[in-house]
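Heads up, the thing below is written out as C-alpha cells.
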Amino acid sequence: MAALIQGFRNIGTIAFRKDLDFAKEFRFILYQKILVFIITVSLAFWLRDYRAMVLGMLAQSIIEQILRYRMHSYRPRVSTNGMREIWGFSQWLLISRIGMVLNEKSGQLISGRTVGSELLGVYHIGVELGTIFIYEIVMPVRSALFPNLSRLQGQADFSNRAVEIIGLLVLLCIPVGVGLHIVAYPVVELVLGEHWLAASPVLSWMALFGVVVGMNLSLDIVLLVKKRANLSARKAWLEVCVLIPVLVYVSRDGDIEKIAMARFTIAALFIPLMIYYTSASLNISVRTTYGVLWRPLIAG
C-alpha cells in the first residue's frame, strides 16, 4: 500500500534541489520527520506491538504525498514528451539501482534460510545500525551536490572540483564508520541492551561496510552527473554475480559474523573498479582520484 501511494507523488519538489532552494528542501524533510515521529510514537503507546511500525510507515507515505502537493504548485499528468531522451538515461539507472538493492539485501535473503528467524533479526539489526549513520550523512549531501555538480559541468576545472567533492565525502564517511567499528559492543549495549550483544560483531563489520558504501555513493554521483549510469550498472551487477555465490558458501554454517565479513570484503574489492570508472568519466588519471582518498584511508 505504501508503495502504491508513493507512485502518485508530486515530483515538483525536486525543483527545490534543482533551484538550490535548500531552505524549502530542509522544511520539507523536517516536517516529514516530526509528523511521522509523533504519529509512530503515539501508535506505539496505543497499540504496544509491531503494528505501530507498520502503520507508521504507511503514515509516512501519506504525509509525504500531502506535503509534496502542499509545498509545490506543480501537478503531474500523463505525458510522453521527452520519453525517449529520459528513458535513454533512466533505463541504465533502473538497472543500476536493481543491482544495488540486490547487493544491499542479498545478505538477509540468503542467510534467512540457514540462520533462522532469531539470528536473522540480530543480523538485520546489526546491518541497520552499522549503515544508518553513513546513509544519513551521504544521502542528504548527495542530494545537495547533484544539482551543483550538474551546473559546474561546463567549467574547465570541473574534474578537479568533482574529485575534491569525492574526497570531502570520503573524509566524512571514514571517521564515522571506523569509529563505530571500534565501539560496536558498547554502542549495542547502550542503545539496545545486553540481550542484543550478539549483533555487535555484525555491527562492527557493517560499520566498515558503511564506509565502502559511502565511498561508492560518492563516486557514483559523478557517474550520474556525467550520464554514465551504464558504468554504475555494470559495476553493481558484477558485484552481484560475485557476492551471491560467496554468501551462499559462507552462510552454510549459519555464522552471521562471517556473512557480514563477506559482505564487507566483496564490497571493498569493487571500489578500485568504481574509482577506475569515475576517473575515466572525468578524463583524469586513476592516480589523481586516489590522491584525495589515501590520506583519510590511512588515517582511518
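The values are calculated or read from the model by the stated rules, or taken from the named source; none is laboratory data. These figures come from a predicted structure and were not determined experimentally. Glycine gets a Cβ as well: all are built from the backbone with ideal geometry, and neighbour counts include every protein chain shown. Keep in mind that these areas ignore ligands, DNA and RNA; they rest on the heavy atoms of the full protein, side chains included. Shrake-Rupley method; radii C 1.70, N 1.55, O 1.52, S 1.80 Å.
Could you state how much accessible area Arg151 has, in square angstrom rounded to the nearest 10, with a 1.4 Å probe and all protein chains kept in place?
140
For Lys227, which aspartates and glutamates qualify as cross-link partners when the Cα separation must be under 14 Å and same-chain residues fewer than eight apart are set aside?
Filter leaves Glu85.
With a 1.4 Å probe and all protein chains kept in place, how much accessible area does Thr80 have, in Å² rounded to the nearest 10?
100
Add -39500 (n - 2.57) for each DSSP H run of 4 or more in the chain, then divide by its residues: what number comes out at 222 nm, to the nearest 500 deg cm²/dmol?
So the calculated ellipticity at 222 nm is -28000 deg cm²/dmol.
Along the Cα→Cβ direction, 7 angstrom out, place labels at Glu128 and Ala280. What is the inter-label distance in nm?
Here the answer is 3.9 nm between the modelled labels.
How much length is gained if the chain between Ile182 and Trp46 is pulled fully straight, taking 0.36 nm per residue apart and subtracting their Cα-Cα distance, in nm to one decimal?
45.2 nm
Report the residues of the stretch 55-79 in range of a label on Ala2: point 7 Å along Cα→C-beta, backbone N strictly under 12 Å from it.
Under cut-off, by backbone N: 55-64.
If you average 1/r across every pair of different Cα atoms in the chain and take the reciprocal, what Kirkwood value do you get, in Å?
Across the chain, the inverse of the average 1/r is 21.1 Å.
Roll a 1.4 angstrom probe over the protein heavy atoms and tell me the percent of accessible area of the chain that is carbon or sulfur.
Carbon and sulfur atoms account for 66 percent of the accessible area of the chain.
Excluding Gly126 itself, calculate the net charge of residues whose Cβ lies under 12 Å from the Cβ of Gly126, where each Lys or Arg counts +1 and each Asp or Glu counts -1.
Net charge around Gly126: -1.
For Lys105 and Glu118 in one chain, what is 0.36 nm times their gap in residues minus the Cα-Cα distance, to one decimal in nm?
Fully extending the segment from Lys105 to Glu118 adds 2.9 nm.
For the chain, with the dipole built from +1 on Lys and Arg beta-carbon atoms and -1 on Asp and Glu ones, taken about the Cα centre, which of Gly167, Gln91, Val212 lies farthest toward the positive end?
Working it through, the farthest residue towards the positive pole turns out to be Gln91.
Modelled label-to-label distance, Ala268 and Phe37, 7 Å Cα→beta-carbon offset: nm?
Those two pseudo-labels are separated by 3.5 nm.
Could you give the nm distance between label points at Tyr135 and Phe22, where each point is 7 Å from its Cα heading toward the beta carbon?
Between Tyr135 and Phe22, the label points sit 2.3 nm apart.
Please state the shape class of the stretch 133-193: rounded when a/c is under 1.5, otherwise prolate if a/b exceeds b/c and oblate if not, all from the C-alpha gyration tensor.
In terms of gyration-tensor shape, oblate.
State the Kirkwood hydrodynamic radius of the stretch 94-211 in Å, one decimal place, computed from all pairs of distinct Cα atoms.
For the stretch 94-211, inverting the mean 1/r across all distinct Cα pairs yields 16.1 Å.
Using heavy-atom solvent-accessible surface (probe 1.4 Å) with all chains present, what is the largest-first order of Ser79, Ser218?
Ser79, Ser218
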